[in-house]
Every structure is written in structure tokens, then in C-alpha cells.
Amino acid sequence: MHGMRRRVGLALTAALVLGACSASDGGPEEVTLPDVALAAALRPFDACDDLLEHVRREALERVGPYGLEGSYGPLMFEDRAMAEANLGAGGDGDAAPAASAPQAGTDYSTTNVQVEGVDEPDVVKTDGRRVLAVAGGKLHVVDVTGSDPRLVSSLELGEGWGHEIFWDGDRVLVLVTADGGVRPALRSGDAWFGGTQSVLTEVDLSDPASPRVLRRLALDGAYLSARLVDGVARVVLRADQPVGIEWAYPEGSGILAERRAEEENRRLIEESTLEDWMPYFVLEGANGSEEGAGLLLDCERTHHPEEFSGFGVLTVVTVDLDAGLGVTDSVGVLAGGETVYASAENLYVATNRWPEAEELEDPQTDEGFTTQVHRFDITAAAATDYVGSGEVRGHLLNQFSMDEHDGHLRVATTDGAPWGAGDASESFVTVLARQGDALVPVGQVGGLGRGEQIHSVRFMGDRGYVVTFRQTDPLYVVDLSEPSGPRVTGELKILGYSAYLHPVGDGLLLGVGQDATEEGRRLGTQVSLFDVSDAAAPVRLAQVGLGSGSSEVEWDHRAFLYWAPTGLTVVPVEEWAVLEQGEQLSTGAVAFTVDPAGTIAELGRVTHQRLAPIPRPDRAVVPPEASPQEEGVEPGQSQPAAEIMPYDYDWGTQIRRSLVVGELLFTMSERGLLASDLGSLAERAWLPFPA
């Protein structure tokens with residue numbers, strides 16, 4: 001295997017003469033871009049025997065004394081970071097309200113989503129009457145119809161990390177990733193296996209005072225993300241290694257020990273069954289009784305590329321919330337998965353393709369770093385179908401790097417490795433179209449931000465907005481009205497960068513990111529208002545600094561609130577301060593209004609820190625290296641703890657989400673829910689969540 005272009009089974013290439021933008025002069029120029037490799041459409045296996053033969057054959061070629069190449073043993077926790085960093089995006093999972101019920105967007109806000117009508121899971125939901133909040137491993141049901149929020153009930157959700165929910169009518173779907181062993185062993189005798197699993201829990205909310213768990217579905221693989229359209233959820237999972245093989249390891253340090261271990265591993269492969277390679281599921285009732293179990297994927301619904309691409313299995317599970325939790329349909333590919341995006345008709349899963357070390361001349365810029373994109377049709381109510389795959393040069397930033405419009409998929413990527421931009425790196429916007437079973441590039445513009453990497457992307461109709469950064473922040477405006485000839489029409493260079501872009505009016509974009517010096521040193525969170533109505537001349541109308549820290553909005557757009565009826569915008573912030581007494585972290589949320597005339601006015605700030613004080617001991621011992629805090633008190637003696645530890649910080653008071661219900665602004669942290677006046681931000685009521 002020598003380069004990605006020769007690795008793909010169906011080597012469709014496109015030597016396209018496309019408009020490109022050069023960062024050096026900001027203007028378009030005619031260039032012939034390098035060939036762009038395409039992933040062939042994946043093929044389904046004809047039968048289970050074919051699937052088993054395929055994985056056995058590939059495994060025997062790669063097995064050694066320590067298992068498969070790239071295997072790190074049965075206890076694999078590397079997906080934890082991916083699951084936490086790629087926890088979908090929030091949305092509103094409520095059923096369509098009756099005429100007398102509160103209206104979304106008018107009476108209450110919904111969680112920030114990328115595509116209107118495509119719901120995404122989050123840690124808080126509301127229907128204008130109740131708020132469902134996930135905090136402390138519990139689902140809290142809060143009545144917000146009165147003057148003060150009232151806790152109705154709390155339901156323990158079980159172990160795991162990254163709990164998220166969908167809400168549709170009287171059904172709540174809880175999604176979580178857990179280490180193996182949290183749920184009962186998926187197969188008897190496999191209690192040794194500690195790989196990553198996912199658990200879906202169906203909760204009946206018909207009686208808000210007594211929510212009930214109806215079913216739990218345990219699945220092999222890490223939960224990546226999910227989408228909900230018209231009450232049907234598509235849950236995306238990734239299992240990176242064989243789920244049922246316990247590899248042998250050398251019992252000693254010599255060559256003979258390694259040979260014996262490899263021989264044992266070859267025997268394990270030759271005697272393996274499908275259950276050892278494919279993800280498994282167990283469905284349990286409310287009382288823990290087993291209602292179903294088996295392989296998660298049918299062999300004929302499992303697809304693979306022409307050439308081997310790993311033993312990982314990417315699975316999309318379809319869950320109809322009206323029909324209840326269960327495995328009624330699933331489709332998968334023998335490939336990885338990292339980034340999930342969905343329109344109302346199609347779901348896309350992208351993954352970085354990591355080249356072999358010998359393929360790279362310069363790991364920072366080599367074209368061997370590519371992104372494969374798999375497309376699934378989600379128009380059917382009870383099924384998800386694999387459609388085709390494509391491949392683009394470079395790597396994605398996040399889900400906003402993909403967008404579907406008028407039958408085309410637009411993808412923004414930066415050349416080279418995801419961990420940093422090299423001097424020769426550049427960014428691209430590539431337009432893909434379906435041709436048969438493949439996603440084929442029909443247009444591309446490159447040369448964006450040479451020596452930089454993408455920090456935010458927003459596609460809106462026939463335009464794309466791309467922010468790159470290394471020392472300054474070029475905001476590029478890309479005209480995509482002609483898919484075969486995308487072109488850069490405008491560019492704005494300013495200090496700092498925007499990590500998230502949000503439309504706030506006709507021709508206006510609000511950016512949340514970091515201010516920076518001319519050398520690129522970050523100074524703290526800032527919000528910027530851009531006028532992009534003239535595609536050839538974008539202008540920054542206003543800029544406001546929010547402190548020297550950072551905001552969760554910079555990496556998770558669910559934390560952002562924009563309330564269109566009043567222009568209210570809320571951004572959580574965290575700021576470290578170095579005082580004479582030591583280091584202190586302050587946290588809260590900044591509320592401001594965005595005026596279409598081009599101004600940003602701060603309304604005020606809210607915080608949960610003083611509302612949820614940290615429990616302290618009455619007395620504490622002064623550390624030997626500390627200065628006495630009271631006259632006559634020596635190191636090693638005791639004195640009031642509050643005088644020794646005045647800056648202890650409770651991480652649970654970080655404001656995670658903001659939402660509007662009626663005339664109230666609610667801010668949520670792990671510790672509770674704060675109601676504030678929507679206009680003045682005056683505190684109305686504090687509701688602590690039970691521990």
C-alpha cells in the first residue's frame with residue numbers, strides 16, 4: 001500500500017481545474033488541483049460464511065504475539081475521549097405541541113441544533129411546561145409552569161459517562177457510553193471482557209412524578225452520536241476491535257515465548273465465530289429480564305470496502321420511539337467513524353483515514369491524511385440504508401464541516417494531520433455528488449489559510465463561511481451557488497478567531513472564539529458580529545471581550561443560546577485569575593443582546609458559584625510551606641478552613657446550558673437550575689438538584 005490513491009478499490013480520480021483562493025493575495029486563481037481519491041461504494045457480504053472468512057483471512061495476515069496490529073488488549077478505554085468530545089449536539093426532542101400548548105421558538109427555546117428539524121441529543125430539554133435535566137447521573141423532571149421551578153421527580157440513570165437524552169411525547173431515550181462490566185456480560189462466560197459498550201434506556205414519562213424505566217438495550221461499541229427525525233432515532237456506534245477474543249501474550253521475554261503466543265493467537269482466529277468479531281446486543285425489560293439478544297448486524301446488512309480497512313465496525317441502529325426500544329433495524333460497515341452529520345434525508349459518518357508511516361514524507365502536510373465519508377438514507381420510517389461512500393483530502397474539524405444542500409454534500413477540510421497545521425498546509429471546500437454508489441467530487445476550492453487550519457465552519461444556503469487561524473483570523477466567504485465551481489468571493493483578516501459561527505439576522509453572523517495578539521497568543525473569549533451581506537466585503541461590526549478564559553461554546557455549540565424574539569444571546573464563560581492569595585476560577589454565563597444595526601450590548605452575568613457553596617471542614621491545618629493567615633498562627637497549626645482555602649472551586653457549578661421559558665431565563669449546571677428575569681437577569685429562584 002503506497003499512498004491513499006492506490007489503496008482504494010475503485011480508484012475514481014478527478015483531475016479538476018477549479019477555482020482556488022490563495023491566502024497570499026486573497027484572490028481566486030486558476031489552478032489544477034492534485035487528484036482527489038474516492039472511496040468506492042462498499043459492498044455487502046453475500047452470506048455470514050463470507051463475512052467470517054473475510055475477517056479470519058485478514059486477521060491471520062496481521063496477528064502477532066500480542067494480538068492484532070493496533071490492538072491494545074481487552075481493556076480499551078481510548079473511545080472515552082472521543083465519546084466525550086463528540087457527544088452529538090443538542091436539540092429539542094419534543095412531540096408536536098397541541099394548539100394550546102407552548103410553542104417552540106415563541107414561548108420557549110430549543111437546544112441549539114445544526115439543521116432545523118433534525119433533533120440532536122442533549123443534557124437538557126423543555127416543552128415549555130417541564131424541563132428535563134441530566135445532572136449527577138440522574139434525570140430530573142422540573143415543573144416550570146409556576147413562578148418558581150419545582151422539582152417533580154428524579155430518576156437514577158446508572159453508571160457510565162456522557163448521558164444524553166431525546167424526548168418525544170411521553171418517551172425519553174437516554175444514551176450513554178459505559179465501560180464493559182457496567183452492564184451484565186453480553187455473553188455468558190465473557191465476564192473478562194472490558195471493552196466499551198453503549199446503553200440505551202427507554203423511560204416512560206406519562207406520569208412525570210414517577211418516571212419508569214421500560215427497557216434497556218446494551219450494545220457493543222462506543223456511542224458516537226445520534227439524530228432524531230419525526231420520532232425516529234438513528235444511533236451511531238463504533239466498535240474498534242474484535243469483541244470476543246482474549247488474546248494470548250508471551251509468558252516470558254524470549255523468542256520462543258513470542259512464537260508460542262503467536263501460535264495460540266492464530267489458533268484463536270482459526271476457531272473464531274462471528275460472535276467473536278461482530279457487535280452483540282442484549283435487550284432487558286424493566287425488571288432486568290432478558291427480552292432479546294444476538295448479533296447486532298445481519299451479515300447481508302454489513303458492508304466492506306474492496307481493500308481491507310480494519311476490524312472496526314461502524315453501526316447505525318434505528319429506534320422508533322413510538323414503537324418502543326429494540327433492535328428492529330441496523331446497518332453497518334467494516335470501518336471507523338468519528339464525526340456525525342445529518343440532514344432530514346441522509347445521515348453521514350466521517351472518519352479520518354490514517355496513512356501508514358512509510359507513506360508519509362511529512363506527516364503534517366502529506367496528502368495521505370484523508371477523510372472517508374459514508375452516506376446512509378434515513379427517509380424510511382423504520383430502516384436505515386447504506387447508500388455510498390466518498391473520500392476527500394485532509395481532515396474535518398467537526399460536524400459543521402459537512403452540509404447537504406440541493407443534493408450535494410459540501411465538506412470543509414484542512415490538509416495534513418489533525419493535531420496541527422504545518423507551514424505548507426491549506427484548507428479546502430469540496431462539493432460531492434452521488435454518482436451511482438459513490439460520492440464523487442464535482443467541485444473544489446483550495447488555498448484557504450495557507451499554514452493555518454480550520455477553526456470554524458458554517459454553511460448557509462449557497463454560501464459557506466470558513467475561519468482559519470494560526471496568528472490571524474481570515475474569515476472566508478465561499479460562493480457555492482455553482483457546485484462545479486465554488487469560489488472565494490471575500491476575505492476578512494482580524495486578530496484572534498471564531499470557533500463557532502451562528503446566524504443572528506439577515507446577513508449577520510455572530511462568532512464566539514478567542515481574541516489574540518498579532519503573534520497569535522490567545523487572550524480570552526470574545527464575541528464578534530460580522531456583516532456578510534456583501535459576499536465580496538465581509539465586515540466586523542462589533543467585538544466584545546468576555547474575559548481572559550474560555551467558553552464551552554468554542555467546542556460544543558449546545559452551550560450557545562440565541563433567542564431570536566429579543567436578540568438575547570447567552571454564552572457560558574470560565575476565567576482563571578491569579579490573585580495574591582493564589583489561583584481562582586470564576587465561572588458563569590454572560591448575557592447580551594445583538595442589535596441588527598450592528599451593536600452588542602452586555603445585559604449582565606449570572607453565576608451558580610455562591611448558590612452552591614462547597615462543604616468545608618470547620619478547621620484545617622496550615623501547610624508547612626504556606627504563610628500564616630492569622631497573626632500568631634504558625635504553619636502546622638490549625639485555623640478556620642475558609643481562611644486557608646478561600647478559593648476552592650466546585651466544578652459542578654459550571655453553567656452548561658441556558659434556555660428560555662416564557663419570561664424567564666434558566667441556566668443549568670450540575671448543581672441545579674437558576675431562574676432569572678429574562679429582561680433584567682434578576683434572580684428569581686434557585687432549584688438545587690438532589691445529590
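FYI, it's all coordinate maths here, none of it is from the lab. None of these values were measured; they are calculated from a predicted model. FYI the Cβ positions are ideal-geometry reconstructions off the backbone, even for glycines, and counts take in every protein chain you see.
Note on THR145 and ARG56: the model spin-label points, each 7 Å out from Cα along the C-beta direction, lie 6.3 nm apart. Residue-normalised convex hull volume from the C-alpha trace of segment 429-584: 148 Å³ per residue.
In sequence order, segment 679-691 has phi-based couplings of x, 9, 6, 5, 5, 9, 7, 10, 10, x, 7, x, 6 Hz under the Karplus curve 6.51 cos²θ - 1.76 cosθ + 1.60, θ = phi - 60°, and Gly or Pro positions carry x. Working ranking of peptides 202-210, 336-344 by packing, defined as the average number of other Cβ atoms within 10 Å per residue, highest first, is 336-344, 202-210. Computed from backbone phi with θ = phi - 60° and the Karplus coefficients 6.51, -1.76 and 1.60, the 3J(HN,Hα) list for segment 243-250 is 8, x, 10, 9, 5, 7, 10, x Hz; x is used for glycine and proline. Here the extension length gained between ALA293 and ALA682 equals 134.7 nm, from 0.36 nm per residue of separation less the Cα-Cα distance. Residues whose amide H comes within less than 5 Å of that of SER343, counting only those at least five positions distant or on another chain, are TYR348 (H built at 1.01 Å from N in the peptide plane). Extension gain, LEU611 to VAL440, is 56.1 nm, computed as 0.36 nm per intervening residue step minus the present C-alpha separation. Full extension of the chain between ALA597 and ASP49 gives 190.7 nm of extra length, using 0.36 nm per residue less the Cα-Cα distance. For the listed peptides 464-470, 548-554, 380-386, 164-170, a ranking on the average number of other beta carbons within 10 Å per residue, highest first, reads 464-470, 164-170, 548-554, 380-386. Distance between the 7 Å Cα→Cβ label points at GLU518 and SER253: 5.8 nm. At the listed q of 0.11, 0.15, 0.18, 0.19 Å⁻¹, the Debye profile of segment 526-610, built from one uniform point per Cα, gives log10 I(q)/I(0) equal to -0.37, -0.63, -0.85, -0.92.
In this simple spin-label model, placing a label point 7 Å from the Cα along the Cα-to-Cβ direction at both ARG212 and LYS493 gives a separation of 6.6 nm.
In this structure, THR273 and VAL152 have a Cβ-Cβ separation that, at R0 = 41 Å, corresponds to a calculated FRET efficiency of about 0.25. Phi angles across segment 440-446 convert, under the Karplus curve 6.51 cos²θ - 1.76 cosθ + 1.60 with θ = phi - 60°, into 3J(HN,Hα) values of 10, x, 10, x, 7, 10, x Hz, Gly and Pro given as x.
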